[in-house]
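Asks: Can you read through this structure? Questions will come right after.
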Amino acid sequence: MAPIMRKVPKTFLARWTLLSVAVLAFPFCAKTAEPAPQTTLAMMKKVADWQLVQAPVRPATDDWTYGALYTGMMALSQIADDSKYHDAMMAMGKSHGWKPAKRVYHADDHCVCQTYLELYLQHHDPAMLGQTKERFDYILENPRTNDLHFNIKGANDRWAWCDALFMGPPAWIRLYAATGDKKYLDFADREWQAASDFLYDQQEHLYFRDSTYFEKREANGKKVFWSRGNGWVLAGLARVLQVMPAEHPQRKFYEQQFREMAAKVASLQQSDGLWHSSLLDPESYLLKESSGSGFFTFGLAWGINHQLLDRATYEPTVRKAWKALVECVTPEGKLEHVQPIGADPKKFDPTHTDVYGVGAFLLAGSEIYRLVSQKPKAK
């Protein structure tokens, strides 16, 4: 009996051979596959594991940079298949005595409290709650009333710069969740409204970093809107809405601002999948930037998962962004393309990393994990 293959047309064999060679020659195709829950989780763990064994990048590991990292570690701990990341956060809290950082009023020094309070909500250990409550009660009893212009004495005692909306309000609202005392929620709402009235551009649907940027312009003549600064706000909105009661009279305000910012941010995504450090003048800052992009990806994916954003409209944006973020991770697990500490768009070494960028990456990954699990949370 003649071999069956002899009956196959030569043209088919030629095409089959070319296809086989192509598949073997281009294994990178697997890297461009759609994300799956387990591959997303594995990438998050890879980045987190690399960060956990690094020496501290600055002496104070309870500052805002580390506070942002811890929010991401907590997000990972909620979906991880082991207790490593939860245990690391427990050890961190104990090492700091569950205390806020030193400056009494400064929102940056409240960021770490978000993690203390999330752990308290799991374990109900009074030690995790007491120091934060004492600090915030003092602020309520001795409130600052200065205006929000950034060049006056005491400006940092209120939320006078947009980054503060990630650092402070999510901590205050988690204290409300931990105690049931509405005064903490009321303070967070009142101060956010003040910051929004002052810093939010109603035409562009973006936040100025602070009042010193009101009159500044980019090389192309457009207003200066910093990517990571607006990433802080979009992520801060998501983290406030995570906890704010559905019946709260101001919730619709936060949802509306979230949707406005999300639409604007999505429209500014670059062809590489990320956002450059200047939102309205990306051509002047061609480097991709992973920290602001991480916070945007987190916020947009969270919005889809909680039915605040239309899935069909925004899912391609977040999938493209996550793929680009993953490409910023080295084989060892180092997240690169993180703009250094600053207040506005800058050019920088593309190999640079920092802990707040890792926090943004892990927050983003946690919502991508839920998105690709096809189990978005109900509104």
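Asks: Would the range 145-167 turn up any residue that is within 29 Å of residue 83 (Cβ to Cβ) and either modelled with pLDDT of 95 or more or exposed (fewer than 14 other Cβ atoms within 10 Å of the Cβ) (or both)? It would help to see each step written out before you state the result.
Replies: Residues of the range 145-167 that are within 29 Å of residue 83 (Cβ to Cβ), as a first pass: 166-167.
Adding the requirement that they be either modelled with pLDDT of 95 or more or exposed (fewer than 14 other Cβ atoms within 10 Å of the Cβ) (or both) leaves 166-167.
Yes, the range 145-167 has at least one match.
Asks: Scan the range 317-350 residue by residue and report those that are more than 15 Å from the chain's Cα centre (by Cα), outside any helix (DSSP H, G or I) and polar (S, T, N, Q).
Replies: Scanning the range 317-350 gives a single hit, 330.
Asks: Give 300, 286, 308 a once-over and let me know the one that is of a type outside the set (S, T, N, Q), under 23 Å from residue 202 (Cα atoms) and in a loop (DSSP other than H, G, I, E, B).
Replies: Numbers: 300 fails: in a loop (DSSP other than H, G, I, E, B); 286 fails: under 23 Å from residue 202 (Cα atoms).
Exactly one of 300, 286, 308 is of a type outside the set (S, T, N, Q), under 23 Å from residue 202 (Cα atoms) and in a loop (DSSP other than H, G, I, E, B), namely 308.
Asks: For the condition touching a Ser or Thr at 6+ places or on another chain (Cβ under 8 Å) and at pLDDT 95 or above, what is the one hit in 175, 140? Explain how you work it out, then say what you get.
Replies: Numbers: 140 fails: touching a Ser or Thr at 6+ places or on another chain (Cβ under 8 Å).
When all the criteria are applied, what remains is 175.
Asks: Hey, another quick one. Yes or no: the range 150-164 includes at least one residue that is free of Cβ contacts under 8 Å to residues at least 60 places away in the same chain and either of a type in the set (Phe, Trp, Tyr) or touching a strand residue (DSSP E or B) at 6+ places or on another chain (Cβ under 8 Å) (or both).
Replies: Yes; the residues of the range 150-164 include at least one that is free of Cβ contacts under 8 Å to residues at least 60 places away in the same chain and either of a type in the set (Phe, Trp, Tyr) or touching a strand residue (DSSP E or B) at 6+ places or on another chain (Cβ under 8 Å) (or both).
Asks: Another question, then. Filter the range 35-55 for residues that are over 20 Å from residue 290 (Cα atoms) and either in a loop (DSSP other than H, G, I, E, B) or modelled with pLDDT under 95 (or both) and give the result. Reasoning before the result, please.
Replies: Step one: list which residues in the range 35-55 are over 20 Å from residue 290 (Cα atoms), which gives 36-38, 53, 55.
Passing the criteria: 36, 53, 55.
Asks: Here's another thing I want to ask about it. Within the range 51-70, restricting attention to residues that are closer than 12 Å to residue 85 by Cα and not aliphatic (A, V, I, L, M), which residue is surrounded by the most Cβ atoms within 10 Å (Cβ to Cβ)?
Replies: 70
Asks: Restricting the search to the range 286-323, which residues are within 27 Å of residue 344 (Cα to Cα), surrounded by fewer than 21 Cβ atoms within 10 Å (Cβ to Cβ) and either touching a Ser or Thr at 6+ places or on another chain (Cβ under 6 Å) or touching a residue at least 40 places away in the same chain (Cβ under 8 Å) (or both)?
Replies: Matches in the range 286-323: 287, 314, 319, 320, 323.
Asks: Shifting gears a bit: Out of the range 255-275, which residues are closer than 26 Å to residue 192 by Cα and in contact with a strand residue (DSSP E or B) (Cβ under 8 Å, 6 or more places away or on another chain)?
Replies: So in the range 255-275, the residues closer than 26 Å to residue 192 by Cα come out as 255-268, 275.
Correct list: 257, 261, 264, 265, 268, 275.
Asks: Consider the range 351-366. How many of its residues are within 19 Å of residue 111 (Cβ to Cβ) and either part of a helix (DSSP H, G or I) or of a type in the set (A, V, I, L, M, F, W, C) (or both)?
Replies: Residues flagged as within 19 Å of residue 111 (Cβ to Cβ) and either part of a helix (DSSP H, G or I) or of a type in the set (A, V, I, L, M, F, W, C) (or both) within the range 351-366 amount to 11.
The values are calculated or read from the model by the stated rules, or taken from the named source; none is laboratory data. These figures come from a predicted structure and were not determined experimentally. Cβ coordinates were reconstructed from backbone atoms using ideal geometry, including for glycine residues, and neighbour counts include every protein chain displayed.
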